[in-house]
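Participant: Following this message is one structure expressed as structure tokens.
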């Protein structure tokens, strides 16, 4: 290969010589993969099977020095590039078609300081990896509800899960990050050293650099918690969702509840006559003493119908963190729509149940998670999290195998979103946005004053919008116009 054709940020293609690639290869400790290299296809694949893009070049980084080299290479050649952590993002922003993928998947180090209750995590890890190390010491970093989710993108988007009501959003526990900036600097960023930049990293997504390490506060929990789910027939969906509303209306911060709709799998713990039928359930996790949890378990069970299966019990927190994993396996096709709600009105319930009944794929599901609690306790502008004051997140998750039925399954999620959106608070979560949701939906993810502050940080640290292959916070128009005027055209 004499030259490599690769995508630039302005939509053109440029040629990279073999000698230039050889110099980059010699600089990296990790591997540099082109399309004909062994392992290339496996490296470009991510969790969402709908995303089938081919980067021209993949830099498989082993440490911060590799990341610095890759970022400098991208800047010097004005390349379109993407950042891959664990590759679990629904929109597939880990893979830039025809561009450079800066791949962090092999950076999976974790260090726990049980005395200080601090955890240091590299960006290729998943929450299952972190839980495995922290639970050894009876500690936890509040993560998500699916253990295969990556730590990196999840955290940069704000992060919520079973422990949000008890301890706040994941970024509320973030204490420092190691960051490679667009100009290739390596910074240790804290609220004291770089207050505006640290603030923006706590919810502003991957817009400001490549994070090569996260330091979190850890909290005492487990290893045993009261958790699980109880399922009922879909015919009781309206009443069960009202029951969920009542429980969450009086829940202590220790209690996190989730309403779930799915097709019953052919699992041994579900009666055979229910296999393949729609079912609804309430899942819970109690972040407190087991004895205290029973009054809330009794409230959940106090529903005038016979459950299909009741799986609420004392169990390992790590086990509970994985119980939704089977419904989101690696490589399946996924298309999501989501919204935030301040309350669950009867009208919303009726609309939601009607659309759930029309689910087009037996692999699709829908979740409503109760947030609030400690997540709302901090000032709205304490971080860049744009949904701090919301009460519920509603996710419509289309899923299917193979190429057939894509339009139908995507159409179901879109139609349901259109039907429930009028009842929403109008905000959004960047980590749940699909690839076809653009700039306006990103703006809707933040209150105006938070978005404007994010733009100010972007203007300071990435005025040319080098980090653009993401749910993008664009620099202010004046700054971007000035930078474009100062930039010479890239030859095609």
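Just so it is clear, none of the values below were taken in a lab; they were calculated from the coordinates. Nothing here was measured: the structure is a model prediction, and the numbers come from that model. Note: ideal-geometry Cβ built from the backbone for every residue, glycine included; neighbour counts use all protein chains shown.
Participant: With a ≥ b ≥ c the root eigenvalues of the C-alpha gyration tensor of the stretch 308-421, is it rounded (a/c under 1.5), prolate (a/b larger than b/c) or oblate?
Facilitator: Working: a/c = 1.67, a/b = 1.25, b/c = 1.34.
Verdict is oblate for the stretch 308-421.
Participant: By what distance, in whole Å, do the Cα atoms of the stretch 71-149 stretch along each of the three principal axes, largest value first?
Facilitator: Computed over the stretch 71-149, the largest-to-smallest principal extents equal 46, 25, 16 Å.
Participant: A follow-up question, please. Taking a ≥ b ≥ c as the square roots of the eigenvalues of the Cα gyration tensor of the stretch 31-108, is the shape rounded (a/c under 1.5), prolate (a/b larger than b/c) or oblate?
Facilitator: Working: a/c = 1.44, a/b = 1.32, b/c = 1.09.
It comes out rounded by the Cα gyration axes.
Participant: Here is a further query. Give me the Debye-computed log₁₀ of I(q)/I(0) at q = 0.18 Å⁻¹ for the stretch 225-443, equal point scatterers on Cα only, no solvent, two decimals.
Facilitator: -1.52
Participant: Please give the FRET efficiency for residue 343 paired with residue 97, using the beta carbon to beta carbon distance and R0 = 51 Å, rounded to the nearest 0.05. Let's see the in-between values first.
Facilitator: Working: r = 41 Å, r/R0 = 0.81.
The value I calculate is 0.80.
Participant: I need the Kirkwood Rh of the stretch 249-354: take the reciprocal of the average 1/r across all distinct C-alpha pairs and report it in angstrom.
Facilitator: This gives a value of 16.3 Å.
Participant: Could you tell me which of rounded, prolate or oblate describes the stretch 117-182, using a ≥ b ≥ c as the square roots of the eigenvalues of the alpha-carbon gyration tensor, with rounded for a/c under 1.5 and, failing that, prolate when a/b is larger than b/c and oblate otherwise? It would help to have the intermediate numbers written out before the result.
Facilitator: Working: a/c = 1.44, a/b = 1.28, b/c = 1.13.
Rounded, because the longest to shortest axis ratio a/c is under 1.5.
Participant: Sticking to Cα atoms, compute the Rg of the chain to one decimal and its Dmax as the biggest Cα-Cα distance, whole number, in Å.
Facilitator: 22.7, 72
Participant: Another question, if that's okay. Grab the beta carbon distance between residue 306 and residue 111, set R0 = 51 Å, and tell me the FRET efficiency rounded to 0.05.
Facilitator: Working: r = 48 Å, r/R0 = 0.95.
After rounding, the FRET efficiency stands at 0.60.
Participant: Here's another thing I want to ask about it. Show that you can apply the helix-only estimate: for the chain, add -39,500 (n - 2.57) for every DSSP H stretch of four or more residues, divide by all residues, and state [θ] at 222 nm to the nearest 500.
Facilitator: Working: 15 runs with 138 residues, N = 492.
After summing the helix terms and dividing by the residues of the chain, the value is -8000 deg cm²/dmol.
Participant: Can you give me the orientation-averaged projected area of the convex hull built on the Cα atoms of the stretch 1-142, in nm²? Please report the intermediate quantities before stating the final value.
Facilitator: On the way: hull surface 38.4 nm².
Mean projected area of the Cα convex hull: 9.6 nm².
Participant: I'd like the projected area of the stretch 110-220, averaged over all directions, using the convex hull of its alpha carbons. Report it in nm² with one decimal.
Facilitator: Values: hull surface 25.4 nm².
The orientation-averaged projected area of the Cα hull of the stretch 110-220 comes to 6.3 nm².
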